[in-house]
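Accompanying notes for the structure given below.
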Amino acid sequence: MYRWKQQRERAAFLALANGEIFRGWSFGAPTDTVGEAVFNTGMSGYQEILTDPSYAGQFVTLTAPEIGNYGCNPQDVESRGLFLNGLVIHELNEPSNFRAETSLEETLRAAGKPAIAGVDTRRLTLTLRDCGSQKAFLHVSEEPLSEAEAVERARAWSGLDGKDYAEIVTAGKRYEWNHDGEFRVVALDYGIKYNILRGLAAAGMQVTVLPAHTTAEEVLREKPDGVFLSNGPADPSAVRYAAEMIRALIGRVPLMGICLGHQLLGIACGASCGRLKFGHHGCNHPVRNLLTGKIEITSQNHNFALNADRLPEALEVTHINLNDQTVEGIRHRHEPAFSVQYHPEAAPGPHDSHYLFTQFRNLMER
């Protein structure tokens, strides 16, 4: 009880570029930094969110009010580290779960990531929904800093647009995920999550992971039965080398993409991407499969989307978001290639979309 009281005396605040201030107390690493403030509507899965490379450069605001209850453990991580810039929550709880090996606070401190608790996350979420994602500055250190100066630091930050964060989060080296499977798949790592690799392996695929800057020639040298294009952070238009690589592979090997990989496949085919007002972040987004008419509840994490009114003739829309009608899935009309904007590996989230890994397998069988 005394430790929590001490922590709550460590005043901190989040300053948005629009001038709004959200006060609370620091409980992560005592390091000030900039980032883009977004909100995630998932009710659980904070450890998977922390270790999702797609959150690189962002302050993640969790809308669920009670966070930390089940702690953290090595089994639930989704990548080799924490890539988000900071965490914003309402109420921090000590862990009370038999699987917990460390607390949320200990995990953040070990990774050098700042966090703020005690924030009115409902008001912050409404602000981000109404005003859009915001450049922000998180002040959690003991450095004297006025709120006005923090706002100016947020405004001065260059932001995520036009920045290639895939080269920051990629492991940058080749590795084998598993050696068994009927089909040999190359997975391009733009910020890949472990549960995606588990999903591919469970569908009977032997997976080799290659770094983001891999060329088409290097991919084909592996003699793959299929190529998987992974999720990743920030602006897809900045990852031009990947779009060029994908363009060279279309028609030569079956392709499947998700999230950033979906956007890159679209760009490679001549589509364009635009920024969403506040993005899609959560595990409860309804998507209609236009090929079957079924509704899938999906896990999502992205700030950009393919422009529906500028899709080339070669692409067919297969899925749409029922909240805002944005493009959630495409397939090539003439070549074996498809992609979805959401996350079929569902970590965290529902399992409605696991069939997509089987769909990729079927594409390779044909």
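The values are calculated or read from the model by the stated rules, or taken from the named source; none is laboratory data. Values in this document were obtained by computation on a predicted structure and should not be read as measured data. Note that each Cβ is placed from the backbone with ideal geometry, even for glycine, and that neighbours are counted across all protein chains shown.
Quick one: count up the residues across segment 326-340 that are touching a Ser or Thr at 6+ places or on another chain (Cβ under 9 Å) and over 14 Å from Ile258 (Cα atoms).
The number of residues fulfilling the criteria is 0.
Output yes when any residue across segment 284-292 is in contact with a helix residue (DSSP H, G or I) (Cβ under 9 Å, 6 or more places away or on another chain), surrounded by fewer than 24 Cβ atoms within 10 Å (Cβ to Cβ) and in contact (Cβ under 8 Å) with a residue 12 or more places away in the chain, and no when none is.
The first filter runs over segment 284-292 and keeps only residues in contact with a helix residue (DSSP H, G or I) (Cβ under 9 Å, 6 or more places away or on another chain), leaving none.
No; the residues of segment 284-292 include none that is in contact with a helix residue (DSSP H, G or I) (Cβ under 9 Å, 6 or more places away or on another chain), surrounded by fewer than 24 Cβ atoms within 10 Å (Cβ to Cβ) and in contact (Cβ under 8 Å) with a residue 12 or more places away in the chain.
Look at segment 328-366 and say how many of its residues are surrounded by 23 or more Cβ atoms within 10 Å (Cβ to Cβ) and of a type in the set (Val, Ile, Thr).
Within segment 328-366, residues that are surrounded by 23 or more Cβ atoms within 10 Å (Cβ to Cβ) and of a type in the set (Val, Ile, Thr) number 2.
Quick one: in segment 247-282, of everything that is small (Gly, Ala, Ser) and more than 21 Å from Ile49 (Cα to Cα), which residue is surrounded by the most Cβ atoms within 10 Å (Cβ to Cβ)?
The extreme case among them is Gly266.
Output the residues belonging to segment 199-246 that are surrounded by fewer than 23 Cβ atoms within 10 Å (Cβ to Cβ) and either basic (Lys, Arg) or within 19 Å of Leu306 (Cα to Cα) (or both).
Passing the criteria: Arg221, Lys223, Asp235, Ser237, Ala238, Arg240, Tyr241, Ala243, Glu244.
Report, by residue number, each residue of segment 309-320 that is surrounded by fewer than 21 Cβ atoms within 10 Å (Cβ to Cβ) and at pLDDT 95 or above.
In the first step, residues of segment 309-320 are kept if they are surrounded by fewer than 21 Cβ atoms within 10 Å (Cβ to Cβ); the result is 309-314, 316-318, 320.
Across segment 309-320, the qualifying residues are Leu311, Pro312, Glu313, Ala314, Glu316, Val317, Thr318, Ile320.
Do we find a residue being modelled with pLDDT of 95 or more, among the hydroxyl-bearing types (Ser, Thr, Tyr) and out of contact with any Phe, Trp or Tyr (no Cβ under 7 Å at 6 or more places or on another chain) anywhere in segment 191-203? Full working, then the answer.
The first filter runs over segment 191-203 and keeps only residues modelled with pLDDT of 95 or more, leaving 191-203.
Remaining after also requiring among the hydroxyl-bearing types (Ser, Thr, Tyr): 194.
Those still in the list that are out of contact with any Phe, Trp or Tyr (no Cβ under 7 Å at 6 or more places or on another chain) too: 194.
Yes, segment 191-203 contains a residue that is modelled with pLDDT of 95 or more, among the hydroxyl-bearing types (Ser, Thr, Tyr) and out of contact with any Phe, Trp or Tyr (no Cβ under 7 Å at 6 or more places or on another chain).
Hey, among the residues in segment 271-323 that are touching a strand residue (DSSP E or B) at 6+ places or on another chain (Cβ under 8 Å) and among the charged types (D, E, K, R), which one's nearest to Asp161 (Cα to Cα)?
Here the residue is Arg275.
Pull out all pairs, ordered by first then second residue, where Cβ-Cβ is under 9 Å, the residues are six or more apart or on different chains, the first lies in segment 156-177 and is closer than 25 Å to Ala136 by Cβ and in contact (Cβ under 8 Å) with a residue 60 or more places away in the chain, and the second is of a type in the set (D, E, K, R) and surrounded by fewer than 17 Cβ atoms within 10 Å (Cβ to Cβ).
Every condition considered, the pairs that remain are Asp161/Arg275; Asp164/Arg240.
Among (1) out of contact with any Ser or Thr (no Cβ under 9 Å at 6 or more places or on another chain); (2) in a strand (DSSP E or B), which single condition is Arg361 missing?
With respect to (1) out of contact with any Ser or Thr (no Cβ under 9 Å at 6 or more places or on another chain); (2) in a strand (DSSP E or B), Arg361 is out only on (2).
Yes or no, residue by residue, for (1) of a type in the set (Ser, Thr, Tyr); (2) under 20 Å from Tyr190 (Cβ atoms); (3) assigned by TED's automatic domain parsing to the domain that holds Tyr194:
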site: Ile295; (1), (2), (3): no, no, yes
site: Thr298; (1), (2), (3): yes, yes, yes
site: Asn303; (1), (2), (3): no, yes, yes
site: Ala308; (1), (2), (3): no, no, yes
site: Leu311; (1), (2), (3): no, no, yes
site: Ile330; (1), (2), (3): no, yes, yes
site: His343; (1), (2), (3): no, yes, yes
site: Ala346; (1), (2), (3): no, yes, yes
site: Pro350; (1), (2), (3): no, no, yes
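May I ask you to say which residue of Gly204, Gly199, Gly232, Gly226 is in contact (Cβ under 8 Å) with a residue 24 or more places away in the chain, touching a Cys at 6+ places or on another chain (Cβ under 9 Å) and not acidic (Asp, Glu)? Talk me through it step by step, then tell me what you get.
Numbers: Gly204 fails: touching a Cys at 6+ places or on another chain (Cβ under 9 Å); Gly199 fails: touching a Cys at 6+ places or on another chain (Cβ under 9 Å); Gly226 fails: touching a Cys at 6+ places or on another chain (Cβ under 9 Å).
Of Gly204, Gly199, Gly232, Gly226, the one residue that is in contact (Cβ under 8 Å) with a residue 24 or more places away in the chain, touching a Cys at 6+ places or on another chain (Cβ under 9 Å) and not acidic (Asp, Glu) is Gly232.
Quick check: is even one residue across segment 15-32 more than 21 Å from the chain's Cα centre (by Cα), part of a loop (DSSP other than H, G, I, E, B), under 22 Å from Leu276 (Cβ atoms) and not acidic (Asp, Glu)?
Yes, there is a match, as at least one residue in segment 15-32 is more than 21 Å from the chain's Cα centre (by Cα), part of a loop (DSSP other than H, G, I, E, B), under 22 Å from Leu276 (Cβ atoms) and not acidic (Asp, Glu).
Looking only at segment 131-153, count every residue that is within 22 Å of the chain's Cα centre (by Cα) and in a helix (DSSP H, G or I) and tell me the total.
If we filter segment 131-153 for residues that are within 22 Å of the chain's Cα centre (by Cα), which is where we start, we get 131-138.
Now drop any that are not in a helix (DSSP H, G or I), which leaves 131.
The qualifying residues number 1.
For segment 174-260, which helices (runs of 4 or more DSSP H) that fit wholly inside it have 2 or more residues that are in contact with a Ser or Thr (Cβ under 9 Å, 6 or more places away or on another chain)? Give the steps one after another, and end with the answer.
Numbers: elements: 194-202, 216-221, 240-249.
Filter on segment 174-260 gives 194-202, 240-249.
Residue under question is Asp130, and the condition is that it be among the acidic types (Asp, Glu) and without any contact (Cβ under 8 Å) to a residue 12 or more places away in the chain; does it hold?
Values: among the acidic types (Asp, Glu): yes; without any contact (Cβ under 8 Å) to a residue 12 or more places away in the chain: yes.
When the stated conditions are applied, Asp130 passes them.
Just to check your reading of the model, which residue among Arg122, Arg109, Arg80 is out of contact with any strand residue (DSSP E or B) (no Cβ under 8 Å at 6 or more places or on another chain), closer than 27 Å to Arg198 by Cα, touching a residue at least 40 places away in the same chain (Cβ under 8 Å) and not assigned by TED's automatic domain parsing to the domain that holds Pro348? Outline the logic, then answer.
Details: Arg122 fails: closer than 27 Å to Arg198 by Cα; Arg109 fails: closer than 27 Å to Arg198 by Cα.
Within the list Arg122, Arg109, Arg80, the selection yields Arg80.
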